[in-house]
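Chemist: Before anything else, here's the structure in question.
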Amino acid sequence: MLQLTSQLTRGTFTFQVDCRLSEPVTGIIGASGSGKTTLLHMVAGLITPAAGRIVLNNVVLFDSESGVSVPPHRRRLGLVFQDCRLFPHLSVADNLSFGKRLLPPREQRFSLNEVVELLELEPFLRYRPAQLSGGQAQRVAVGRALLASPRMLLLDEPLASLDWRLKQQIMPFLRRVRDVTQIPMLYVSHDSKEVLDLTDRVVVLDGGRVVGAGPVVDIIQDPRVWRQLRLQGLVNILPLTVVSHDRNESLTHLRTRPLATETDRSPADVSGPFLDALAGKEIHAMLRPEDIALAGSKLTGVSIQNQIHGRVVRLIHTPDRDVCVVDIGIPLMVELSPSGVRELGLATGNPVWCLFKSSALQYLESSPR
Amino acid sequence: MVWLSHEEWVVLGLSARVAICCAAAVAIPGIACGWLLARTRFPGKTLVDAILHAPLVMPPVVTGYLLLVVLGRRGIVGEALYSHFGISLAFTWLAAVVASAVMAFPLMIRSVRIAIEMADPKLEAAAQCLGASPLRTFLTITLPLARPGIITGLVLAFARSLGEFGATIIFAGNIQGETRTLPLAVYSFMQSPGSDASAFRLVLISILLSLGALVVSEFMSRRLTRFERMAG
């Protein structure tokens, strides 16, 4: 659990944050200049707040009142930078072992082999950082941070410099790190998609202040949160399992996997574009809230493949649009106009049908494994 | 090289010894001062910078004179050295080392400073986040990244020492077998009739050594820029 109260003024920028993070993975979302990186660097000890207190798992890292300020090298936090910052004079293997070598063996949580296997780095061990592609370098940077056995992994826009295709190749690794290592993570990004792919617990920053913290669907009604999330590309991320393929229609049938959130509904069946993956494979797909339509009853005579039955769990009024959260086995955010809400007579608890074309589903894994 | 006379061999041997000791003497203080100038801010930094670089622009004879005033047997520091330890520096081969080290020091500092300034502080921050103390970060990240610059500085100091004349002749004298280094020997041979051939041979050797040092230093600075590109 991380407790952060801190304050800092630099020129015209004022950073004033007070938050408690107790989730294993927390995303920090905000536009550039909103203070995301400042927050992360404060936790890591690279920036000293003018005043405040930072406590991680009951260990005081910084306290301006008692004058405590643990230097970065004693904080044991794995910071992964946007620009990788691999050491150019060391091989990939030596980069990976850099932090590990500084620890006594009993404090080393992972062996080099475990991490190399987890992130599939075997082919590059002898390379120099200059020989790696952007995506490979970032994987090495994550591995290097992991091998330093951090108490928390701080990821500072690790994918920002990569293109969409490369991002899709790295996300599965980050998910694997999350699931296998169990190290708490703070994931900073200006791209909501990346964050929501890893967690639905977020802190939204705007102008150096926290405007919302908690599960996305709980904080979205705040106009400031909504504005930031919309700006940064709010999407549904669906955990799905491949069920079967329909080669004639060029479709793949999938089933939702339940999230940790409470639901009494059974999983929903959805159809997406053809995906070259074996039945049983677990994947993630993205679905934009504006690509989903709602209907009060099942429609006949329409070409839309997906008509999924659900129940309205929440109606959120934001300044320009309304968002309806529908439980279809997993929560699904649907964006619609205020008049749409009125015409459908939507209310919490109502049964409703979610309609979207199979092509609206975008798979996040590009290379099936 | 059998065509060198015994006297010329003595000159070369002494020059090599003085130049190697000079490079060794400036190594650690040069790295320390280069780092201070590159990475720290303190009041009077400009003044310290100017004083350290003074030997580069002052007439070498003046530097030699000042060394004599400070370290000579009746000098401020020299007197204490002699009365407490019985050490008299002036007019010994060590004086030649000191004179050339003072002359070479600014060259060493300059190349170390530039190399450390080029070493990305972001990499140092990354090392600290991985658990490396500031000292370990310096030893494992900053120094290796600056290594080409450090080697360039040492090569330049070595070459400067081989060529040093003014400060050496004032502070160490021109004593055959003791302080007569290459340039002093060339000067002496030119002054004595019939030694033109000796002077010419030593001049030739000087030119070769200087060019060699330049090549090494150029090679090293290319490596430095390559590291930079790789880091970026």
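Chemist: Using C-alpha positions alone, give me the convex hull volume of the protein assembly as shown per residue in cubic angstrom. Display every interim value, and only then the final one.
Modeler: Values: hull volume 128.8 nm³, N = 601.
In the protein assembly as shown, the Cα convex hull volume per residue is 214 Å³.
Chemist: Using a Förster radius of 41 Å, what is the FRET efficiency between A:ARG10 and B:HIS84 based on their Cβ-Cβ separation? Nearest 0.05, please.
Modeler: On the way: r = 54 Å, r/R0 = 1.31.
With R0 = 41 Å, the Cβ-Cβ based efficiency is 0.15.
Chemist: Right, something else. Summarise the partner chain shielding of A:82-93 as one whole number: the mean count of Cβ atoms from other chains within 10 Å of each residue's Cβ.
Modeler: On the way: counts 0, 5, 1, 10, 4, 11, 13, 11, 3, 0, 0, 0.
Mean inter-chain Cβ contacts per residue within 10 Å come to 5.
Chemist: Take peptides B:131-142, A:152-163, A:63-74, B:39-50 and line them up by average Cβ neighbours within 10 Å, highest first, as a rough protection proxy.
Modeler: Numbers: B:131-142: 18.2, A:152-163: 20.6, A:63-74: 14.2, B:39-50: 10.3.
Highest-to-lowest ranking by the protection proxy: A:152-163, B:131-142, A:63-74, B:39-50.
Chemist: Oh, and also: Which FRET efficiency value, to the nearest 0.05, do you get for A:ASP18 and A:ARG176 by plugging their Cβ-Cβ distance into 1/(1 + (r/R0)^6) with R0 = 30 Å?
Modeler: E between A:ASP18 and A:ARG176, to the nearest 0.05, is 0.35.
Chemist: How large is ³J(HN,Hα) for each residue in the stretch A:81-88, as worked out from phi by the Karplus curve 6.51 cos²θ - 1.76 cosθ + 1.60 (θ = phi - 60°), to whole Hz, x for Gly and Pro?
Modeler: 8, 4, 9, 6, 6, 6, 7, x
Chemist: Per 0.36 nm of contour for each residue apart, how much would the distance between B:VAL69 and B:LYS122 grow if the chain were fully extended, relative to their Cα-Cα spacing? Intermediate values should be presented prior to the final figure.
Modeler: On the way: separation 53, 0.36 × 53 = 19.08 nm, distance 4.54 nm.
Using 0.36 nm per residue and subtracting the Cα-Cα distance, I get 14.5 nm.
Chemist: List the lysines whose alpha-carbon lies under 18 Å from that of B:LYS45, not counting same-chain residues fewer than 8 positions away?
Modeler: none
Chemist: Separate question: Could you check the spin-label model distance between A:THR241 and B:SER133? Points 7 Å from the Cα along Cα→Cβ, value in nm.
Modeler: Rounded to a tenth, the inter-label distance reads 5.3 nm.
Chemist: Please identify the helices of chain B, taking whole runs of DSSP H, that span at least 15 Å along their own axis as judged from the Cα atoms and have a mean Kyte-Doolittle score of 1.6 or higher. Numbers along the way, then the final one.
Modeler: Values: long enough: B:6-39 (49 Å, 1.26); B:45-57 (18 Å, 1.15); B:60-71 (16 Å, 2.33); B:93-118 (37 Å, 1.56); B:143-163 (29 Å, 1.21); B:196-231 (53 Å, 0.82).
Once both thresholds are applied, what remains is B:60-71.
Chemist: Against the longest alpha carbon principal axis of chain A, how many degrees, from 0 to 90 and to the nearest 10, is the axis of helix A:164-181 turned?
Modeler: With both axes taken from Cα atoms, the answer is about 70 degrees.
Chemist: In addition: Could you tell me which of A:ALA130, A:GLY212, A:LEU240 has its Cα farthest along the dipole of the stretch A:129-275 towards the positive end, charges placed at Cβ (Lys, Arg +1; Asp, Glu -1), taken about the Cα centre?
Modeler: A:ALA130
Chemist: Mind checking which lysines have their Cα closer than 30 Å to the Cα of A:LYS167? Skip sequence neighbours fewer than 8 apart in that chain.
Modeler: Straight-line reach from A:LYS167, under 30 Å: A:LYS36, A:LYS100, A:LYS193, A:LYS281, A:LYS357, B:LYS122.
Chemist: Run the numbers on chain A and let me know its relative contact order in percent, using alpha-carbon pairs under 8 Å that are six or more apart.
Modeler: Values: 779 pairs, mean separation 58.6, N = 369.
The value is 16 percent.
Chemist: Normalising by the residue count of chain B, find the relative contact order in percent from Cα pairs under 8 Å and 6+ residues apart. Spell out each step's value before the answer.
Modeler: Values: 303 pairs, mean separation 67.8, N = 232.
After rounding, I find 29 percent.
Chemist: Using the alpha-carbon centroid of each, what span in Å lies between the stretch B:56-77 and the stretch B:1-50?
Modeler: So the separation of the two Cα centres works out to 17 Å.
Chemist: What is the distance, in nm, between label points placed 7 Å from the Cα along the Cα-to-Cβ direction at A:ALA347 and at A:ARG101?
Modeler: Between A:ALA347 and A:ARG101, the simple spin-label model gives 6.9 nm.
Chemist: What is the spin-label model distance, in nm, from B:VAL62 to A:GLU122 if the labels are put 7 Å beyond Cα along the C-beta direction?
Modeler: Computed distance between label sites B:VAL62 and A:GLU122 equals 6.9 nm.
FYI, it's all coordinate maths here, none of it is from the lab. Small disclaimer: the values here were computed from a predicted structure and weren't measured. Positions of Cβ are generated from backbone atoms using ideal geometry, with glycine treated the same way; all protein chains shown enter the neighbour counts.
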